[in-house]
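A short worksheet on the structure shown next.
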Amino acid sequence: MRKRISFWRRQARNVGVSLVFVMVATGLWYTQEQGYRDQLSWMGVPTWETLTPTSVHRVLRNDGFLVGWSDLRVNPLWVSYYLHAVEDPHAGARPDFQRDWRTLWPITTDSYFGSGYDRGHLAPNYAIAAVHGRVAQSHTFRMSNITPQRPDLNRRLWQRLEEVVIDHFVPRFGTLQVIAGPVFPERYLDNALNRVGLVEVPEAFYKIIVVPAEQPLALAFLMPQNVRGNEPLDRYVVSIDEIEMRTGLDFFPNLSEDMAGRLEGQVRTQGWELEKVARLPSRF
DNA sequence: TTTAGTGT
């Protein structure tokens, strides 16, 4: 009898030791993961305003950028990255698109074949490559960073915006935080079957650009799928609040109430010299 | 220098 009691005590102690070990390991992992996330986002990673199936997501970490992945939409709901000025910006050759096994869903590199949609980058190839290097560049070609875009948007209007960000805004401000992602129709069921393979087709895309300073500046764009491509960029400027309403996401959650009101509630284009870049011609 | 599909 005595032996049995000591046996169970020993077991209990072993379980206790294991639990402590797991908790410490989890704590260390969590701390490290938070550190990575803080390096790739300003004022906290985007989160959901309310816990709904369409806004819930999990965070995938890449070299140079984070992805908020939705298993319901089978889409990145947001990507977050910093860009800073570099001496001699250049990018290597375009790598091949790659499957990302972390998505679980089988999205292959030819899932978009014959769909009429482009494999549109959210975290852009050129800017990420120029600022964060070759490995980060290859990660932008993971299918978890890709979403269906109409060719005239992807290759023209959206490309012009990406070009203005890296060629004009980054040199002017030094460092930028960028968040970009898709926008879907208000009612999930209206669009649930509108998919390229398994990937739901967005109706529009947003890009939020922040100068992370003591007195931060913010500029946000919302661009629909159906554009010609030569429209002036400033036609699509919106407030961050509007993007939050359309996406159900909460951007910069660590921002003070006061600062959030000023940064997100209104459109302020002063300081960006948009008029100089809004009508630059399309490269493609 | 910056976007891609195509059809294999």
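Against the conditions (1) over 25 Å from A:F113 (Cα atoms); (2) within 16 Å of the chain's Cα centre (by Cα), A:R172 satisfies every one except (2).
Taking first residues from the stretch A:188-215 that are modelled with pLDDT under 95 and of a type in the set (G, A, S) and partners that are open to solvent by less than 70 Å² (accessible area, probe 1.4 Å) and assigned to a helix (DSSP H, G or I), the Cβ contacts under 9 Å between residues at least 6 apart in sequence or on separate chains come to A:A213/A:F173.
Listed conditions (1) open to solvent by less than 80 Å² (accessible area, probe 1.4 Å); (2) farther than 26 Å from A:E203 by Cβ; (3) within 15 Å of DNA strand B (Cβ to nearest atom) are all met by A:D63, apart from (3). Scanning the stretch A:147-159 for residues that are more than 8 Å from DNA strand B (Cβ to nearest atom) and open to solvent by 10 Å² or more (accessible area, probe 1.4 Å) yields a count of 3. Within the stretch A:114-136, the set of residues being farther than 16 Å from A:G68 by Cα and either in a loop (DSSP other than H, G, I, E, B) or more than 9 Å from DNA strand B (Cβ to nearest atom) (or both) comprises A:G114, A:S115, A:G116, A:Y117, A:V131, A:H132, A:G133, A:R134, A:V135, A:A136. Looking at the structure I just gave you, is A:S144 open to solvent by 10 Å² or more (accessible area, probe 1.4 Å), closer than 25 Å to A:D38 by Cβ and outside any loop (DSSP other than H, G, I, E, B)? No; evaluated as a whole, the condition is false for this residue. In the stretch A:175-219, the residue that is farthest from A:S115 (Cα to Cα) out of those that are assigned to a loop (DSSP other than H, G, I, E, B) and acidic (D, E) is A:E214. Only one entry of A:V170, A:V131 meets the criterion of being assigned by TED's automatic domain parsing to the domain that holds A:D63 and open to solvent by less than 10 Å² (accessible area, probe 1.4 Å), and that entry is A:V170. Using the structure shown, decide if A:Q215 is open to solvent by less than 20 Å² (accessible area, probe 1.4 Å) and either within 16 Å of DNA strand B (Cβ to nearest atom) or polar (S, T, N, Q) (or both). For A:Q215, the condition - open to solvent by less than 20 Å² (accessible area, probe 1.4 Å) and either within 16 Å of DNA strand B (Cβ to nearest atom) or polar (S, T, N, Q) (or both) - is not met. In this structure, is A:S111 farther than 25 Å from A:R160 by Cα, within 11 Å of DNA strand B (Cβ to nearest atom) and surrounded by 19 or more Cβ atoms within 10 Å (Cβ to Cβ)? Spelling it out, A:S111 is indeed farther than 25 Å from A:R160 by Cα, within 11 Å of DNA strand B (Cβ to nearest atom) and surrounded by 19 or more Cβ atoms within 10 Å (Cβ to Cβ). Show the residue pairs meeting these rules: Cβ distance below 6 Å; 6+ apart or different chains; first residue within the stretch A:72-96 and open to solvent by 20 Å² or more (accessible area, probe 1.4 Å); second residue assigned to a loop (DSSP other than H, G, I, E, B) and among the small types (G, A, S). The qualifying pairs are A:A85/A:G174.
The values are calculated or read from the model by the stated rules, or taken from the named source; none is laboratory data. This structure is a prediction, so every number in the text was calculated from the model and none was measured. Glycine also receives a Cβ, built like all others from the backbone with ideal geometry; neighbour counts cover every protein chain displayed. Note: areas computed on protein heavy atoms with side chains; ligands, DNA, RNA excluded. Shrake-Rupley method; radii C 1.70, N 1.55, O 1.52, S 1.80 Å.
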